[in-house]
Amino acid sequence: MKFLGQVWFDTEKSSKVTQEEWDAVTQECIVSDDHWRDGGHMLSALALYEPERAVTLRVRNGIVAATDGPFAEIKEHLGGFVVIEAKDMDEAKAIISTFPILKYASIEIRPAYSIKDGR
(Lines give C-alpha, C1' and ligand atoms only; values in the text may rest on other atoms or scores of the structure.)
Protein backbone atom coordinates (compact mmCIF):
# COMPACT_ATOMS: atom_id res chain seq x y z
CA MET A 1 0.00 0.00 0.00
CA LYS A 2 1.01 3.57 -0.56
CA PHE A 3 0.73 6.22 2.14
CA LEU A 4 1.00 10.00 1.96
CA GLY A 5 2.60 11.77 4.88
CA GLN A 6 1.76 15.48 4.96
CA VAL A 7 4.28 17.49 6.98
CA TRP A 8 2.50 20.32 8.85
CA PHE A 9 4.36 23.15 10.57
CA ASP A 10 3.01 25.53 13.18
CA THR A 11 3.64 28.73 11.23
CA GLU A 12 4.56 30.88 14.23
CA LYS A 13 6.78 28.28 15.93
CA SER A 14 8.60 27.32 12.75
CA SER A 15 9.49 30.96 12.08
CA LYS A 16 11.47 30.95 15.35
CA VAL A 17 13.66 27.96 14.46
CA THR A 18 17.23 29.09 13.80
CA GLN A 19 18.92 28.50 10.46
CA GLU A 20 21.46 26.33 12.26
CA GLU A 21 18.65 24.09 13.58
CA TRP A 22 17.03 23.88 10.09
CA ASP A 23 20.38 22.97 8.54
CA ALA A 24 20.95 20.23 11.13
CA VAL A 25 17.50 18.68 10.77
CA THR A 26 17.77 18.91 6.98
CA GLN A 27 20.92 16.76 7.09
CA GLU A 28 19.18 14.29 9.42
CA CYS A 29 16.22 14.13 7.03
CA ILE A 30 18.48 13.45 4.05
CA VAL A 31 20.05 10.50 5.87
CA SER A 32 16.64 9.21 6.99
CA ASP A 33 15.09 9.56 3.51
CA ASP A 34 18.05 7.75 1.94
CA HIS A 35 17.71 4.93 4.49
CA TRP A 36 14.01 4.43 3.73
CA ARG A 37 14.57 4.84 -0.04
CA ASP A 38 17.33 2.20 0.02
CA GLY A 39 14.95 -0.12 1.92
CA GLY A 40 12.25 0.29 -0.74
CA HIS A 41 9.81 2.26 1.41
CA MET A 42 10.44 5.88 0.39
CA LEU A 43 8.90 6.60 -3.00
CA SER A 44 9.03 10.40 -2.94
CA ALA A 45 9.83 13.22 -0.54
CA LEU A 46 9.63 16.93 -1.24
CA ALA A 47 9.86 20.04 0.89
CA LEU A 48 7.62 22.96 -0.01
CA TYR A 49 8.51 26.64 -0.07
CA GLU A 50 6.64 28.93 2.30
CA PRO A 51 2.92 29.62 1.65
CA GLU A 52 3.66 33.18 0.50
CA ARG A 53 5.17 31.70 -2.67
CA ALA A 54 1.99 29.77 -3.50
CA VAL A 55 -0.62 30.48 -6.14
CA THR A 56 -4.18 29.25 -5.63
CA LEU A 57 -6.35 28.48 -8.67
CA ARG A 58 -10.16 28.43 -8.65
CA VAL A 59 -12.85 28.30 -11.30
CA ARG A 60 -15.47 31.03 -10.93
CA ASN A 61 -18.21 31.40 -13.53
CA GLY A 62 -16.25 29.13 -15.87
CA ILE A 63 -13.07 31.23 -15.65
CA VAL A 64 -9.88 30.17 -13.92
CA ALA A 65 -8.70 32.80 -11.44
CA ALA A 66 -5.33 32.85 -9.67
CA THR A 67 -4.65 34.30 -6.22
CA ASP A 68 -1.09 34.82 -5.00
CA GLY A 69 -0.03 33.55 -1.61
CA PRO A 70 -2.10 31.63 0.88
CA PHE A 71 -5.84 32.00 0.47
CA ALA A 72 -6.52 32.48 4.18
CA GLU A 73 -4.76 33.27 7.46
CA ILE A 74 -3.21 30.03 8.62
CA LYS A 75 -1.86 28.80 11.92
CA GLU A 76 -0.31 25.76 10.28
CA HIS A 77 1.11 25.31 6.81
CA LEU A 78 1.96 22.34 4.65
CA GLY A 79 5.74 22.20 4.57
CA GLY A 80 6.31 19.05 2.59
CA PHE A 81 5.21 15.53 1.93
CA VAL A 82 6.42 11.98 1.59
CA VAL A 83 4.96 9.04 -0.27
CA ILE A 84 5.93 5.69 1.19
CA GLU A 85 5.20 2.05 0.54
CA ALA A 86 4.16 0.01 3.59
CA LYS A 87 2.16 -3.18 4.17
CA ASP A 88 -0.41 -1.41 6.38
CA MET A 89 -1.04 1.67 8.53
CA ASP A 90 0.91 0.22 11.45
CA GLU A 91 4.03 -0.15 9.32
CA ALA A 92 3.47 3.33 7.83
CA LYS A 93 3.30 4.79 11.35
CA ALA A 94 6.42 2.89 12.38
CA ILE A 95 8.36 4.25 9.40
CA ILE A 96 7.15 7.85 9.64
CA SER A 97 7.63 7.93 13.42
CA THR A 98 11.39 7.80 12.79
CA PHE A 99 11.45 10.93 10.60
CA PRO A 100 13.65 13.64 12.17
CA ILE A 101 11.31 16.45 11.06
CA LEU A 102 8.84 15.34 13.76
CA LYS A 103 10.91 17.48 16.15
CA TYR A 104 9.44 20.53 14.40
CA ALA A 105 6.25 19.34 12.70
CA SER A 106 3.35 16.95 12.80
CA ILE A 107 2.81 14.43 10.01
CA GLU A 108 -0.65 13.38 8.90
CA ILE A 109 -0.61 9.90 7.33
CA ARG A 110 -3.24 8.86 4.81
CA PRO A 111 -3.61 5.72 2.73
CA ALA A 112 -3.37 6.66 -0.94
CA TYR A 113 -4.44 5.05 -4.22
CA SER A 114 -4.30 5.69 -7.93
CA ILE A 115 -7.63 6.99 -9.23
CA LYS A 116 -6.94 4.96 -12.36
CA ASP A 117 -6.88 1.76 -10.29
CA GLY A 118 -9.67 2.80 -7.90
CA ARG A 119 -9.84 1.85 -4.26
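The values are calculated or read from the model by the stated rules, or taken from the named source; none is laboratory data. It should be emphasised that the depicted structure is a prediction, and the values quoted were computed from it without experimental measurement. Cβ atoms come from the backbone with ideal geometry, glycine included; neighbour counts cover every protein chain shown. Just so you know, the surface numbers come from the protein's heavy atoms only, side chains and all, with ligands and any DNA or RNA stripped out. Shrake-Rupley method; radii C 1.70, N 1.55, O 1.52, S 1.80 Å.
The table for this structure:
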{"quantity": "Relative contact order [Cα under 8 Å, 6+ residues apart], the chain, whole percent", "calculated": "48 percent"}
{"quantity": "Unsatisfied cross-links (Cα-Cα over 18 Å) in the set LYS87/LYS116; LYS2/LYS103; LYS16/LYS93; LYS13/LYS93; LYS13/LYS103", "calculated": "LYS87/LYS116; LYS2/LYS103; LYS16/LYS93; LYS13/LYS93"}
{"quantity": "Per-bin percent of Cα-Cα distances, the chain [5 Å]", "calculated": "2, 10, 18, 19, 16, 15, 12, 5, 3, 0"}
{"quantity": "Helical contribution to [θ] at 222 nm, DSSP H n ≥ 4, -39,500 (n - 2.57), averaged over the chain, rounded to 500", "calculated": "-8000 deg cm²/dmol"}
{"quantity": "Percent carbon-and-sulfur accessible area, the chain, ignoring ligands, DNA and RNA, probe 1.4 Å", "calculated": "55 percent"}
{"quantity": "Farthest toward positive dipole pole in the chain [+1 Lys/Arg, -1 Asp/Glu at C-beta], among GLN27, ALA112, LEU46", "calculated": "ALA112"}
{"quantity": "Per residue solvent-accessible surface (Å²) - the chain, probe of 1.4 Å", "calculated": "71 Å²"}
{"quantity": "Net length gained if the chain between ASP38 and LYS103 were fully extended (0.36 nm per residue, minus Cα distance)", "calculated": "21.1 nm"}
{"quantity": "Charged-residue dipole, Cβ positions (Lys, Arg, Asp, Glu), the chain about Cα centre, Debye nearest 20", "calculated": "620 debye"}
